[in-house]
1. Tell me, what HN-Hα J-couplings in whole Hz come from the Karplus equation 6.51 cos²θ - 1.76 cosθ + 1.60 at θ = phi - 60° for each residue of segment 140-152, using x for Gly and Pro?
2. Between E126 and N90, what's the calculated FRET efficiency when r is the beta-carbon distance and R0 is 25 Å? Round to 0.05.
3. Is the shape of the chain best called rounded, prolate or oblate, per the rule: a/c under 1.5 gives rounded, else a/b larger than b/c gives prolate, else oblate, with a ≥ b ≥ c the square roots of the Cα gyration tensor eigenvalues?
4. Determine the per residue accessible area of the chain with all protein chains present and a 1.4 angstrom probe, expressed in square angstrom.
5. Could I have the simple spin-label model distance between E55 and H15, label points 7 Å from Cα toward Cβ, reported in nm to one decimal?
6. Which peptide among 72-79, 99-106 comes first, and what is the full order, when sorted by highest mean count of other Cβ atoms within 10 Å?
7. Using label points projected 7 Å from each Cα along Cα→Cβ, tell me how many nm separate D41 and N104, to one decimal.
8. Using helices alone, I'd like the mean residue ellipticity at 222 nm for the chain: each DSSP H run of four-plus residues gives -39500 (n - 2.57), total over residue count, nearest 500.
Amino acid sequence: EVVDISEEPEAVVYHSIEEFYGIDGVTVTFMGYELKDMYPDQGGEEMFFAMNASEGCKLVVMHFDVTNVSGQDKALDMLSLNTKFKISFNGESPRYALTTMLTNDLASYNGSIAAGAKEELVLIAELQEDKAQSIQTISLIMRNAADEATLPLN
């Protein structure tokens, strides 16, 4: 007797951002997060764009190291990959990462990473201050035109 198992497609589990988006030659590592009222901190010469948390909220700035492991310079254009990121804190309904004009925004980064070098990129979300102080888990929901996947960050 033939059993038809084609009805239930196996949910694909992605273990990394680079795997989901099909980016070769780099690794993306979650390095942790910090709570801020403003990002980036004032004081830099090149302050074109800064974000301020809304009243009663904190910016949750999630840091990612993107390392070029390919052995040659690597152009990385996240915007052209149609990356969409949502973040779920403590299992609550996900919220979109804030759209920024930061040159180090993971969702819109476009640049070249030298062989063996790394770029420190960020995703930023806003969260009510009391919830921000009690973050236990962070999950990243990755979307592109065809698919969606959830990646636990911590």
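1. Taking θ as phi minus 60°, the curve returns 9, 9, 9, 10, 9, 4, 9, 8, 9, 8, 10, 10, x Hz for segment 140-152.
2. Once rounded, the FRET efficiency stands at 0.95.
3. Since a/c reaches 1.5 but b/c is at least a/b, the shape of the chain is classed as oblate.
4. 60 Å²
5. So the label points at E55 and H15 sit 4.8 nm apart.
6. Top to bottom by mean Cβ count within 10 Å: 99-106, 72-79.
7. 1.1 nm
8. Result for the chain, helices only: -1000 deg cm²/dmol.
The values are calculated or read from the model by the stated rules, or taken from the named source; none is laboratory data. Fair warning: this is a prediction, and the values are worked out from it, not measured in the lab. FYI the Cβ positions are ideal-geometry reconstructions off the backbone, even for glycines, and counts take in every protein chain you see. Each accessible area value is taken on the protein alone, full model and side chains, heavy atoms only, with ligands, DNA and RNA left out. Shrake-Rupley method; radii C 1.70, N 1.55, O 1.52, S 1.80 Å.
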